[in-house]
């Protein structure tokens, strides 16, 4: 029974906002079990930036992203052929004068780019006719490996190929590069020919621990690769026309025995997909259809009812189900994938909320579909609301990724979600809108404590932890500290230059919003100074 | 010399008279009542091994929902009576204040 909670709190735990008191408190008192990271993060309430340095002259690159552990700063050359990696280092300066405030002048080296970043190396990734996909970068923290992608230009009149679906653009050569970020050494690469992978905002690939899933849209295959510690990219499996690693061998040998194909010349080295010759659907399509069939079959016990149900729900839509294509994939854990199916048009369409799409949970080990939902399914939305954290599948090694605020682990985020839900005009539209973000983009949320909603409160429309382009705003963004015990509410201002076009880059630990890259102007970096 | 605490001024003269006069500490009697089971019905089976569930809670829910769907529909009266020995599966609930 919680009665007189306020007085209980103030007697037992005296929470102070003074940083020196907090440090003393940390020396003498152990935090409550399981809250040591939260207690450490509360110090960020005391470390708020107070000063901004404008117009720092910096090299003419496209600055892209900080790695999630804050060790590297990734940028690309303007011609999108080279990778330039910096090591962030922080200018340390202390003021001896009493009453040091914002007007106190910083030393001249504070206005130099080199004081904050050391260039480690420049590595050429793309050859003459290729370009780096500037929206794609995945970081494997355990080994400090970086994953980049390059591709040639789109082929205008892509000819139909065996196994390729129509309506999807084709690129002659797509390469995924694995680099060791420490020294820029290229460790391995994986090449896709005449294929299409959507690398925008990390959509076409998902990294979980040491497993990388890449969706080949054109050949409708999910390639699972393993990144070994030695730096090799190893093919684990390819899910699409086949589910298990030896399916192709089995199907070829059995069709050879049954004499389906009289013109069989090269055994086992043929490039024909079985689908093109016989009418059987294989691989994940077969799994999906049989799952749907069994689900509808088991809904009714009466045989006549069953057949009616099947006719209405399955056979009537059979061709639509067959025509579904894999659009996007994410890992839920090492064995389970969440796959988004839809029509080919969705792949290029911007407004994906209105078109029907389906989500399937697929177990890679048993090669079974576990669950299948329409994109407006209330049940799936409820799971998303309650267990959002588990959709952000993170590996165990990066602990701080578990502390990203979401509506499943933070009461303030949940209140915001409830607000949006109540304001929504139609429940099913709301559900569709929320589920349209599934499967989630890999490494798209910033782990910065300044986005921790239990510490700071800010307007989500202006700035958010998700790495997305934002509209410009002339008004400065003012995050506010949540704790309101004291009347003087601390606030800091995140100034936003007027030509904000692509997105702010936040270092995971320190508040350094950087660059606003407008293609036609020089990049600007804004640094924020800390004042305790 | 009596107990260290004996002879000190006190409200009630009978206070501190129970203490041992030689000053040796009296061993405390155990005050807590210990529960001793009189039967062995609650013992775990000898071959029981407790391990962590490999699937996380989200995936468990997916499997659970799939199982619910795969069970054929029962008559309404049957559904009201929970089966003996098995937990009643909770319907999906949204947060309530």
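For the pair segment A:187-247 / segment A:359-413, the C-alpha centres are spaced 21 Å from each other. Take each peptide in A:173-185, A:146-158, A:445-457, A:291-303, count the other Cβ atoms within 10 Å of every residue, and average; sorted highest first, the result is A:445-457, A:173-185, A:146-158, A:291-303. Distance between Cα centroids, segment A:41-62 to segment A:101-162: provide it in whole Å. About 20 Å separates the Cα centre of segment A:41-62 from the one of segment A:101-162. Under the simplified labelling scheme, the residue A:426-residue A:444 pair shows an inter-label distance of 2.3 nm, with each label point 7 Å from Cα along Cα→Cβ. Let a ≥ b ≥ c be the square roots of the eigenvalues of the Cα gyration tensor of segment A:20-146; is it rounded (a/c under 1.5), or, if not, prolate (a/b larger than b/c) or oblate? Since a/c reaches 1.5 but b/c is at least a/b, the shape of segment A:20-146 is classed as oblate. Peptide A:380-388 has a mean shielding of 4, counted as Cβ atoms of other protein chains within 10 Å of each residue's Cβ. Sorting A:228, A:29 from the fewest to the most surrounding beta carbons within 10 angstrom yields A:29, A:228.
Sorting A:380, A:138, B:32 from the fewest to the most surrounding beta carbons within 10 angstrom yields B:32, A:138, A:380. For the pair residue A:161 and residue B:31, a Förster radius of 60 Å applied to the C-beta separation gives a FRET efficiency near 0.15, rounded to the nearest 0.05.
Residues A:133, A:128, A:243, ranked from the fewest to the most other C-beta atoms within 10 Å, line up as A:128, A:243, A:133.
For peptide A:290-297, the mean count of partner chain Cβ atoms within 10 Å of a residue's Cβ comes to 1.
Note on residue B:64/residue A:52: beta-carbon distance plugged into 1/(1 + (r/R0)^6) with R0 of 51 Å gives a FRET efficiency of 0.50. Take each residue of peptide A:369-379, count the partner chain Cβ atoms within 10 Å of its Cβ, and average: the result is 3.
Rule-based calculations on the coordinates, nothing more; no lab input. It should be emphasised that the depicted structure is a prediction, and the values quoted were computed from it without experimental measurement. Positions of Cβ are backbone-derived with ideal geometry, glycine not excepted, and every protein chain shown enters the neighbour counts.
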